[in-house]
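The values are calculated or read from the model by the stated rules, or taken from the named source; none is laboratory data. What you see is a predicted model; the values in this text were computed from it and never measured. Every residue, glycine among them, receives a Cβ derived from its backbone with ideal geometry; neighbour counts consider all protein chains shown. Surface areas here come from the heavy atoms of the whole protein model, side chains and all, with no ligands, DNA or RNA. Shrake-Rupley method; radii C 1.70, N 1.55, O 1.52, S 1.80 Å.
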Amino acid sequence: MNKEALDQWIARLFERDRRATAKLISWVEDDIERAYIMRSILKKTESKLVVGITGPPGAGKSSLVEALTKLYRSKDERVGIVAVDPSSPYSGGAILGDRIRMQAHGTDRDVFIRSLGTRGHLGGGTRSTLDILRILEGGGYGRLLLETVGVGQSELEIMQMADTVVVVLNPGTGDGIQAIKAGIMEVADIFVINKSDLPGSERMKNDIEMMLNLSCNGKTWRPPVVLTSVINNTGLDTLFENIEAHQAYLLESGQSDERRKERLRLEVWRQWEDKTQAIFEILWEAARKKLENFDQEDPYQVAQMLWEEHFKEDKWDE
Amino acid sequence: MKKSRIRVLVGKPGLDGHDRGAKVIARALRDAGMEVIYSGLHQTPEQIVEAAIQEDVDLIGISILSGAHMTVFPRIKELLKEQNAEDILLMGGGTLPEEDIVSLLQAGHAEALFTPGATTTEIVSWIEEKLAAIKAEV
Amino acid sequence: MSDNFLRWKANYDAQKERKGPFFTVSSVPIDPLYAPGHMTDIDYEKDLGNPGEYPYTRGVRPNMYRGRLWTMRQFAGFATAKESNERYKFLLSQGQTGLSIAFDMPTIMGYDSDHPRAYGEVGRVGVAIDSLADMEILLNGIPLDKVSTSMTINAPASIIWAMYIVAAEKQGVPANKLTGTIQNDILKEYIAQKSWIFPPEPSMRLITDIFGYSKENVPKWNTISISGYHIREAGSTALQELAFTLADGFAYVEAGIKAGLDVDDFAPRLSFFFNSHTDFFEEIAKYRAARRIWARHMKEKYGAKKEESQLLRFHTQTAGCSLTGPQPENNIVRTAYQAMAAVLGGTQSLHTNSMDEVLALPSQKAVQIALRTQQVLAYETGVVNTIDPLAGSYFVETLTNQMEEGAEDYFRKIDELGGVLGAIRENFFQQDIADAAYRYQQEIESKDRIIVGVNEFVNEGKVEIDLLKIDPEVERAQVRALQAMKQGRDNIRVQTTLADLKEAAQESGNLIPKIIDAVRAYATEGEMIAVLKEVFGEYQEKAVF
């Protein structure tokens, strides 16, 4: 696609054209002119804070996202939501069903929902999750929500894209214990016990508070534990206030800058990784052909011989 | 501009709650490597089109068993046109009498229509071939 | 198993078996032979009983079809009340013995015909009923003291039932003479049919209100038709249909008891609705197991003392999901076999599908054939001459036992999830159903399962049958009539009764009298539902695949 056409699409994005928003997201997700698009957009966005919501399947994350969206809308704010679901490891396809729980905003032009599959990325998230959130920001959505499923190691990586991480658990399940195993304690900025109308919520709250006592000594932000029930419409204002409080904390303490630097480091690292991977593949292609000529079995020897043949200057052992 | 995965919105418009077919197809499309956004039940044409645009899907597939197909398909096409999204294809399945299928296809209100007995393999093939053909034209 | 059998089996195994498959519609594998050794644990009195005797495996009445044939009850309804009324009169004149009313989607979902959501859907899958005025036209000239009526309505059942009661009253038939059924089974909506409006808790309240009102005022009415039909249509196996339906039944019993009713006061009026699919013996075993399981649980777990509380009476409909688009005449054959299974299973009433229902509502010709199917079955085949003829069959008794064991396993799982409401929340039923539906489709596509005319014995060429068409003018006419009615009624009275209804909904008293008041004032269904939605809220599902 020529640059003029792209520029037009980007201009339309900033005019709040939803088709442009959707198209740009697709191109960035597919790595089409990604650098060009993102550089144009990043010039004009502020990097607004992202609220991430994660937790085991069935915890009620989508319902909470919808409830938060309602609150933001009542304050006349525009909301951009990215919902990530796992792709099938076999086919690479995915069924993305989070929109269903957000029906109330189906035709509200001030809410944009985009569903992503993890597309087999080992990190469990999409490469471009943060870029997509920035595109939504460019499209005029000031409140950014990121929803992912699961408390596994792979999902933690996507959550790193968020500034405020809300972990949603349900009482009466093994959720609390799962959380420890998956290392979610470190990543959570706010804990939510949803479906708090079910028995066991107070006990879970106590369990989490006790674990926080151990792990939070000396840290400046202690994650609050909020009880919510979307069905009964309780606790949502408290959650909202806690999110606001965390965001204020991030800005005042300089933490948001820290996190931004960390993300920059990660992203640059990834781009370098991609670049070196590309170079590696070219080099390897050449070397691979030569492998045919070797009929030895010893991979250590072969690797060294090929290397030294190729990089005549470099010795293998240096 | 090429897309690496086919994205499909599977929707249930109107008041009809029979989602067995829609769900079986959603699963089959996923198993064929596509990303399926499932819209849920009781959707209005407006909700379906809005979702299709936000999700930038290649194709909308709707399932109708309530007899309202002669109003729903044209309405969705109309909305897509209004939103400058006519490149999003529209197909569907359900209790569609032959006469109505012919009429809808001829009027351009849908790209393909399937009746009960159509296999998921047929539907997946149709989608893949159709989109490959469009890509080839571009 | 005896030596005799083992010897036979060894010989059998040495022979060549053809390709198969040898499994049921539910993918349950079946043995080549069943013999006395399969039935050694069965005790006639304890496990079978005579017809009309606990545990009722052989039938709910001592005389079954020798006393009275099943009710031939064809589900019908389309377009306007007037056209449906004509179809009902036609069917009654052709020998149908009970009415069964199908409503359109807007009525089912609680919208009036002039609501934007109703656009394009008025009168298409059933009759449009917006107010008492429509109900009066629908039942005009039908003797409601003689004809029993079944109404397939769930979320708004309280309102439609109230309309029926008031319309009958205006005909001069008092409520205590009315016989019939309202489907009123909201749990299966969340599980399978998905025509819900309110969330589960307020929906259960409406149902127990109906139980309570019926006991005092409409004692001959079946207040609920606990349904497996839709669960099966959504793709479940026969065992899941059986287990999930009975689990729902137990949930309603527990709700009634929790609401302060004595089990024997409402349980006699609980009835059931099952599917009859094409695997002949699997279905028969399912019905027999259903009766036995229900009787045992009602007596032993819920302490029901009245015989009527222990009886599982059911209506059957042949399987819509088994019908095919290609070669629709084959559907007549499928329906006939399915009907026979239902009768050999002891159904109390039966609907047979028409051959064209894959594509449209049935034409008059097709529905007549469907009715004649039942009549040939009743009058020519002789299967009604003796009661429960298949009892004692090694095969059928084994299958019946297997069904019961499988169901009990499911009941345990459901209990662990916190009962039916808990299991619905966890998507337990919905996931099993989606899995079974997907597996069935895959079996067809891989030709492990043969469907005649679809993946084998296929014809080329188009299908030529006349289909029923609903004229779009129907919707316009209905909207005009509705608006005229709204102009002509006492709108102050409507507002007052609606306000009273809303207030009552916020408290815990029985809502039926307030609904009846609003119905009398010609408040519309949509108006009443809108008011209840304000108090109860709306349900939203989380879909599983």
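Observations on the structure shown:
- Residue in region C:92-103 that is at positive phi and either open to solvent by 10 Å² or more (accessible area, probe 1.4 Å) or under 20 Å from the mean Cα position of the chain (by Cα) (or both) present: yes
- Scanning region A:56-82 for residues being open to solvent by less than 50 Å² (accessible area, probe 1.4 Å) and in a loop (DSSP other than H, G, I, E, B) gives a total of 5.
- Region C:494-532, residues that are farther than 15 Å from C:Ile129 by Cα and outside any helix (DSSP H, G or I): C:Glu507, C:Ser508, C:Gly509, C:Asn510, C:Leu511, C:Ala521
- Within region C:112-124, considering residues that are open to solvent by less than 30 Å² (accessible area, probe 1.4 Å) and within 23 Å of the chain's Cα centre (by Cα), the one farthest from C:Phe536 (Cα to Cα): C:Gly123
- Criterion (within 30 Å of C:Ile197 (Cα to Cα) and either at pLDDT below 90 or touching a Pro at 6+ places or on another chain (Cβ under 7 Å) (or both)) met by exactly one of C:Phe103, C:Phe22, C:Phe75: C:Phe75
- Of the residues making up region B:90-127, those that are farther than 22 Å from A:Ala22 by Cβ, away from chain C (no Cβ under 14 Å) and in a helix (DSSP H, G or I) number 3.
- Among residues of region C:352-364, those that are open to solvent by 10 Å² or more (accessible area, probe 1.4 Å) and either away from chain B (no Cβ under 14 Å) or small (Gly, Ala, Ser) (or both), counted: 3
- Odd one out for C:Asp415, checked against (1) within 26 Å of the chain's Cα centre (by Cα); (2) crowded, with 18+ Cβ neighbours inside 10 Å: (2)
- Residue that is nearest to the other protein chains (Cβ to nearest Cβ), among those in region B:44-70 that are open to solvent by 10 Å² or more (accessible area, probe 1.4 Å), farther than 19 Å from C:Thr107 by Cβ and not in a helix (DSSP H, G or I): B:Asp58
- Qualifying residue in region A:88-95 (condition: facing chain B (nearest Cβ under 7 Å), buried (at least 24 other Cβ atoms within 10 Å of the Cβ) and within 15 Å of C:Lys542 (Cα to Cα)): yes
- Matching residues in region C:426-446 - criterion: being under 18 Å from C:Asp248 (Cβ atoms), in a helix (DSSP H, G or I) and not hydrophobic (A, V, I, L, M, F, W, C): C:Gln430, C:Gln431, C:Asp432
- Identity of the residue in region C:439-462, open to solvent by 60 Å² or more (accessible area, probe 1.4 Å) and within 11 Å of another protein chain (Cβ to nearest Cβ), that ends up nearest to C:Arg18 (Cα to Cα): C:Lys447
- The set of residues in region C:42-59 that are open to solvent by 40 Å² or more (accessible area, probe 1.4 Å) and in contact (Cβ under 8 Å) with a residue 24 or more places away in the chain comprises C:Tyr54, C:Arg58.
- Residue in region A:46-54 that is out of contact with any strand residue (DSSP E or B) (no Cβ under 8 Å at 6 or more places or on another chain), at positive phi and surrounded by fewer than 20 Cβ atoms within 10 Å (Cβ to Cβ) present: yes
- Answer from C:Asn154, C:Asn176 - the residue that is open to solvent by 10 Å² or more (accessible area, probe 1.4 Å), within 20 Å of the chain's Cα centre (by Cα), more than 17 Å from C:Asn85 (Cβ to Cβ) and not hydrophobic (A, V, I, L, M, F, W, C): C:Asn154
- Per-region count, region B:14-27, residues open to solvent by 10 Å² or more (accessible area, probe 1.4 Å) and either more than 7 Å from every other protein chain (Cβ to nearest Cβ) or touching a helix residue (DSSP H, G or I) at 6+ places or on another chain (Cβ under 6 Å) (or both): 7
- Boolean, B:Asp87 is more than 10 Å from chain C (Cβ to nearest Cβ), open to solvent by 10 Å² or more (accessible area, probe 1.4 Å) and touching a residue at least 24 places away in the same chain (Cβ under 8 Å): no
- Options C:Val420, C:Val384, C:Val454, C:Val396: the member that is within 25 Å of the chain's Cα centre (by Cα), in contact (Cβ under 8 Å) with a residue 40 or more places away in the chain and in a loop (DSSP other than H, G, I, E, B): C:Val384
- C:Lys299 falls short on exactly one of the conditions (1) at pLDDT 95 or above; (2) open to solvent by less than 10 Å² (accessible area, probe 1.4 Å), and that condition is (2).
- Near pairs, Cβ below 6 angstrom, 6+ apart or cross-chain, from region B:41-55 (in contact (Cβ under 8 Å) with a residue 40 or more places away in the chain) to any residue that is assigned to a loop (DSSP other than H, G, I, E, B): B:Ala51/B:Ser39; B:Ala52/B:Ile88
Here's the yes/no breakdown for (1) more than 14 Å from every other protein chain (Cβ to nearest Cβ); (2) touching a strand residue (DSSP E or B) at 6+ places or on another chain (Cβ under 9 Å):
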residue	(1), (2)
C:Ile197	no, no
C:Thr223	yes, yes
C:Ser227	no, yes
C:Arg232	no, yes
C:Phe250	yes, no
C:Ala259	yes, no
C:Val263	yes, no
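- Residue list for region A:23-42, filter: within 10 Å of chain B (Cβ to nearest Cβ) and touching a Phe, Trp or Tyr at 6+ places or on another chain (Cβ under 8 Å): A:Lys23, A:Leu24, A:Glu33
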